[in-house]
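Data block below; observations after.
The values are calculated or read from the model by the stated rules, or taken from the named source; none is laboratory data. All of these numbers come straight from a predicted model, not from anything done at the bench. Here Cβ is always computed from backbone atoms with ideal geometry, including for glycine, and neighbour counts include all displayed protein chains. To get the accessible areas, we keep the full protein, side chains included, count just its heavy atoms, and leave off ligands, DNA and RNA. Shrake-Rupley method; radii C 1.70, N 1.55, O 1.52, S 1.80 Å.
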Amino acid sequence: MKLIDSSKKRLAWYSRNYFYAATIAVVLTNILLYALLDYYWEGAYGNGHVSWGKSFDFERILRCFLNNFSHSNLQHVLLNMLCFFVAGLYLERKTGSLGLLGLVLSIAILQGCVCAAADGDMGFHGYSGVNYALYAYILIDYLFSLGTARRNKTDLIFGGVVLALIYFAMCFNGGTSEVSFAVYPYDLLHNLGHGTGFFCGAIVALLIQIPMAAARRSAQAQR
C-alpha cells in the first residue's frame, strides 16, 4: 500500500511499516511521561536550567539525552508531539517502524553528546531538539530522492507537503504567538536545542544517504 510503505524500498521484516507503531509509541511515551511524572521528571532529569558544569561525562550526556523527554506544560508536549507526528508518519513510511526507532534514538543520543560537550549551561528542554533533527533528515532525504534512481511521484508529493509544514512550524517565534516568515526561520537560529538538533540530524542524514547513493551508482554501473 502506498500509504503504508514507499515503493522505493525493499520490504523485509526490519524495513516494514507496522501501521506507524513507532510514531504512535513515541507520541504516547512523551505524553504519558508528562501526565504521570510532570514536575518530578523535569526536576530529576530534564530541567534545562540546571548547571551541569563543564565536564564531558556519562552523567552529563544522560541528562542531555533525558532532557529531550521533559516538557514545561501540556501545550509544550502536545505541540512537540504534533510536529513529531507529522515528521514520524512521513519517515516511518520510508524507513519502516524499526528504522524510525533507530533513527530517533541515534539522533537523541548524538544530540546528547553534542550538547554535553558544549561549554556552558544547556538552557533548553523538550522533544523539539529531536524534531529539528528529523526536519534536517527529511530535507536531505528529499534532496537525495530527486535523483532518478529514487524518484517517485508519491514520495515527492508527500515530501513536498511535509517540508512545507516543517517550514511553517519553524517560523513560529515565541511559542504560538507570532509567525515570522524568512529564508532562515527564526526558531532555528535562536534556540540552542533546535539548532543543535538540526545539525545532528543533518550529520546522520549525510552519513546514511551518501553511502546509499554511492551503492546505487555502483549497482547501475555494473548492469
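Out of all the residues in segment 41-50, is one or more modelled with pLDDT of 80 or more and either among the polar types (S, T, N, Q) or more than 30 Å from ARG10 (Cβ to Cβ) (or both)? Within segment 41-50, not a single residue is modelled with pLDDT of 80 or more and either among the polar types (S, T, N, Q) or more than 30 Å from ARG10 (Cβ to Cβ) (or both).
One line per residue, one yes/no per condition, for (1) at pLDDT 95 or above; (2) of a type in the set (A, V, I, L, M, F, W, C):
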{"site": "PHE69", "(1), (2)": "no, yes"}
{"site": "LEU91", "(1), (2)": "yes, yes"}
{"site": "LEU101", "(1), (2)": "yes, yes"}
{"site": "PHE124", "(1), (2)": "no, yes"}
{"site": "TYR127", "(1), (2)": "no, no"}
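Among the residues of segment 1-33, those identified as open to solvent by less than 50 Å² (accessible area, probe 1.4 Å) and not in a helix (DSSP H, G or I) are ILE4, ASP5, SER6, LYS9, ALA12, SER15, ASN17, TYR20.
Taken as a whole, segment 94-113 holds at least one residue that is more than 26 Å from PHE19 (Cα to Cα) and surrounded by fewer than 18 Cβ atoms within 10 Å (Cβ to Cβ). Consider segment 76-107. How many of its residues are without any contact (Cβ under 8 Å) to a residue 40 or more places away in the chain and more than 15 Å from THR29 (Cα to Cα)? Number satisfying all stated conditions: 1. Counting the residues of segment 150-198 that are open to solvent by 80 Å² or more (accessible area, probe 1.4 Å) and modelled with pLDDT of 90 or more gives 3. Any residue in segment 140-151 that is touching a residue at least 60 places away in the same chain (Cβ under 8 Å) sitting within a Cβ distance under 6 Å of a residue that is in a loop (DSSP other than H, G, I, E, B)? List the pairs, counting only those 6 or more apart or interchain. Note: pairs meeting the criteria are ARG150/LYS8.
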